[in-house]
């Protein structure tokens, strides 16, 4: 009978030469990149010094001043910032907390300046729409919920829903 060798803690591994070769290639590339970085950094510093000595730096900074933007561009930027800063998560939670069968929202349009909110959607029938409006009005986040416009499908076709636009006031908590 042959002796069983069950000692799994001993590891007899040899280091393969491809591993060492990759390590040497990596070190060589790292050295080359370091040398290139240092030379480019020195070149950039020299060019910056030449620019400062020539006096062009002051002229270039004056051309890039704030005065080059128009008031219209500032207004657009402020509008974008106000839209981005809307607490979207809270708004979605408030609207999604109200669920009525056969009522689907298609669009949500908040106005951060006025706190107004327009909801566009479709409902299976008028009763479902009115129930949805009443439930929206009972939420603590939405106030003054009104039906602005609705359109009932022609001929009472059950496949064609009631389209609606609801207006509400939402207090943004920025």
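Listed by first and then second residue, the pairs linking a residue in the range 68-96 that is more than 16 Å from residue 116 (Cβ to Cβ) and not assigned by TED's automatic domain parsing to the domain that holds residue 145 to a residue that is at pLDDT 85 or above and in a helix (DSSP H, G or I), with Cβ atoms under 9 Å apart and 6 or more places separating them unless they lie on different chains, are 69/77. Looking only at residues in the range 156-174 that are more than 13 Å from residue 123 (Cα to Cα) and part of a strand (DSSP E or B), the one that is modelled with the lowest pLDDT is 170.
Is it the case that some residue within the range 26-48 is over 30 Å from residue 110 (Cβ atoms) and either in contact with a helix residue (DSSP H, G or I) (Cβ under 6 Å, 6 or more places away or on another chain) or modelled with pLDDT under 85 (or both)? No, the conditions are met nowhere in the range 26-48. Residues satisfying the criterion are present in the range 118-131 (criterion: over 21 Å from the mean Cα position of the chain (by Cα) and in a loop (DSSP other than H, G, I, E, B)).
The values are calculated or read from the model by the stated rules, or taken from the named source; none is laboratory data. Please read all numbers here as calculations on a predicted model, not as lab measurements. Positions of Cβ are generated from backbone atoms using ideal geometry, with glycine treated the same way; all protein chains shown enter the neighbour counts.
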